[in-house]
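What follows is calculated from the coordinates using simple rules that are stated; it is not laboratory data. Treat the numbers as computed from the prediction; the structure is a model and nothing was measured. Don't worry about glycine lacking a Cβ; one is built from the backbone with ideal geometry, like all the others, and counts go over all protein chains shown.
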Amino acid sequence: MSWADWLKRPGPDVAPMLLGAVLTSRTDEGQVAVSLTEVEAYDGPADPASHAWRGRSPRNAVMFGPPGFLYVYLSYGMHWCANVVTGPDGAASAVLLRAGRVVLGHDLARSRRGPGVADRALARGPACLTRALAIGRTHNGLDLSPGHTLSLEPGPRLHAVSVGPRVGVSRAAEVPWRFWVTGDETVSAYRRSPRASPPPVPNDPSW
DNA sequence: TGAACGATTTCCT
DNA sequence: GGAAATCGTTCAA
């Protein structure tokens, strides 16, 4: 199955395939590329935790478009978060890019994140990832095909993949649609939404 | 027209 | 472990 065909599948199916994929940002300053290590799936209007839950709106319109485009939104009035639109045109599935490992342009990424930030933390967390790649509101709706300002290209098939509940969401928090590279140091620290129900396995350290 | 609330990060104790 | 920072979106009236 081709990369483009994979992206036509629902978010939860595509999400684990995105681990190891490389997202590259090209600006006047240079290039920064990250290998994705943590992602989170949202599955259209039927998913209570998705921005698409209440239907199409000016903000989430990109989600309702074709797969392979970037959906960017502002979180907490100060952080940009980036998603890859997946599923057939109109399905409104998306995968939130939560963390990655910088594989190109460390110095540029550090200049955007701060001089004291460790390499492993440059793109650890959804807002840190967008900062390292200089992704903002102007990138909403961009095509992620190769050669563009932002591009997403497949990486090696990974086998050590972990699954758990999504971070920060208060609805459908029990759905295990967060995927990460097992044991990877660039994966963000897990913090469940304070409004979410108690975890099914509260004492499992991998959760 | 107004108020509540985030798919968060960072700093402080 | 707790709270602040900060603003667009959503929902109620």
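A few remarks follow.
- Among the criteria (1) more than 22 Å from residue A:185 (Cβ to Cβ); (2) within 16 Å of DNA strand C (Cβ to nearest atom); (3) not hydroxyl-bearing (Ser, Thr, Tyr), the one residue A:81 does not fulfil is (1).
- Qualifying residue in region A:23-37 (condition: more than 10 Å from DNA strand B (Cβ to nearest atom), in a loop (DSSP other than H, G, I, E, B) and within 23 Å of residue A:111 (Cβ to Cβ)): yes
- Condition met for residue A:12 (in a helix (DSSP H, G or I), in contact (Cβ under 8 Å) with a residue 12 or more places away in the chain and either within 11 Å of DNA strand B (Cβ to nearest atom) or under 15 Å from residue A:83 (Cβ atoms) (or both)): yes
- Within region A:100-116, being in contact with a strand residue (DSSP E or B) (Cβ under 9 Å, 6 or more places away or on another chain), within 14 Å of DNA strand B (Cβ to nearest atom) and closer than 26 Å to residue A:178 by Cβ holds for A:100, A:109, A:112.
- Scan of region A:49-106 for residues that are on the phi > 0 side of the Ramachandran plot and surrounded by fewer than 16 Cβ atoms within 10 Å (Cβ to Cβ), ordered by number: A:55, A:76, A:77, A:90
- Elements of type strands (runs of 3 or more DSSP E) contained in region A:106-181, each with 2 or more residues being out of contact with any Phe, Trp or Tyr (no Cβ under 7 Å at 6 or more places or on another chain) and in contact (Cβ under 8 Å) with a residue 40 or more places away in the chain: A:150-153, A:178-181
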